[in-house]
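In what follows, a structure is listed as structure tokens, so that the remarks can point back to it.
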Amino acid sequence: MSSEKADAIVIRQVDFSETSRVVTLFTREFGKIGCLAKGARRLKGPFESGLDLLSCCRIVFLKKSGGGLDLLTESHLVRRFRPKAGSLSHLYAGYYVAELLAALTEEHDPHAALFDAAETTLVRLETVENVFLPVSWFELALLQEIGQLPDFETCTICHSEMGTDVPARFWVSQSGLICSRCGHSEYQATEIQPGSLEILRRLLVQESEPVMNSDVPPVLRREVRKILTSAMSYVLGHRPKTLPMISM
């Protein structure tokens with residue numbers, strides 16, 4: 001077994017025995033890994049508070065071959081997740097980040113950009129008034145990183161460029177836009193306003209964090225959320241479990 005070091009976010013914990021836990025970590029260097037943390041349930045265990053859910057930590061682990069659990073030997077807390085005080089939406093938005101990382105990433109498949117996006121989102125959830133922008137931005141970053149991002153630039157059918165001055169439709173099953181010429185009733189699509197499309201495009205070009213004005217009109221906010229929820233549900237194969245608990 002070789003010893004490895006990594007920056008990690010704790011995305012899942014399961015009790016393994018009276019003293020140990022199995023933890024799922026999303027790491028910057030190795031992607032998602034499952035580790036056995038011996039002694040993690042002890043009051044004065046070897047990891048102290050370095051394995052709290054959604055904590056960012058610096059870990060050392062022994063990488064096992066043959067598909068078994070890796071063995072976590074050290075975890076040093078870098079930053080604990082502290083969602084905006086008094087807001088359950090901010091707390092569950094953090095859980096949503098963990099849910100998506102656990103469900104939509106493969107073991108030992110590193111995505112450094114996605115790790116950075118998750119870390120940035122968790123930090124923003126400590127201060128922003130509304131979770132709409134950071135959650136939507138993270139969903140887009142995740143879809144883009146795993147190759148499931150809808151095409152918000154061209155029509156899925158005729159491949160013509162989609163402007164921002166005319167309504168379009170979003171084709172859920174094909175995860176893309178349909179222009180007004182191709183948007184027949186037989187397609188399972190919903191009409192979206194140009195303003196919603198502009199919000200999605202602006203979020204996509206922001207590489208570090210959303211800097212848009214958070215005062216997005218409610219009608220556009222609902223429409224953007226409908227599109228992204230449909231896209232995430234299609235990729236997952238079911239509606240995200242945590243999402244209904246988040247007020248956006």
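In debye to the nearest 20, how big a dipole does the range 2-79 give about its Cα centre with +1 on each Lys and Arg Cβ and -1 on each Asp and Glu Cβ? Please report the intermediate quantities before stating the final value.
Details: 13 positive and 9 negative charges, 3 e Å.
Computed about the Cα centre, the dipole is about 20 debye.
Return a whole-number percent for the relative contact order of the chain, with Cα pairs under 8 Å and 6 or more residues apart as the contact set. Could the numbers behind the result be given before it?
Numbers: 458 pairs, mean separation 39.7, N = 248.
Contact order relative to length: 16 percent.
Quick check on the chain: helices-only [θ] at 222 nm, where DSSP H runs of length 4 and up contribute -39,500 (n - 2.57) each and the sum goes over total residues. Nearest 500, please. Mind dumping the intermediate values first?
Working: 5 runs with 74 residues, N = 248.
The per-residue figure over the chain is -9500 deg cm²/dmol.
Quick check: pseudo-label points 7 Å beyond the Cα along Cα→Cβ at Glu74 and Lys5, how many nm apart are they?
0.7
Suppose R0 equals 41 Å. What FRET efficiency, 1/(1 + (r/R0)^6) with r the Cβ-Cβ distance, do Gln144 and Thr19 give to the nearest 0.05?
Details: r = 41 Å, r/R0 = 0.99.
For Gln144 and Thr19, the calculated efficiency is 0.50.
Of the listed values (1) 11; (2) 24; (3) 16, grab the one calculated as percent of Cα pairs over 34 Å apart from the structure here.
So the calculated entry is the one marked (2).
At Glu106 and Val166, where each label point lies 7 Å from the Cα along Cα→Cβ, what is the point-to-point distance in nanometres?
For Glu106 paired with Val166, the spin-label model returns 4.0 nm.
Distance between the C-alpha centers of the range 43-65 and the range 117-137? Whole Å please.
24
Which entries of Lys32/Lys241; Lys63/Lys241; Lys38/Lys241; Lys84/Lys226 have Cα-Cα distances beyond 27 Å here?
On the way: Lys32/Lys241 20 Å; Lys63/Lys241 31 Å; Lys38/Lys241 29 Å; Lys84/Lys226 25 Å.
Exceeds cut-off: Lys63/Lys241; Lys38/Lys241.
Bear in mind these aren't lab numbers, they're just calculated from the coordinates by the rules spelled out. Computed from a predicted structure; not experimentally measured. We place every Cβ from the backbone using ideal geometry, glycine too, and count neighbours over all the protein chains shown.
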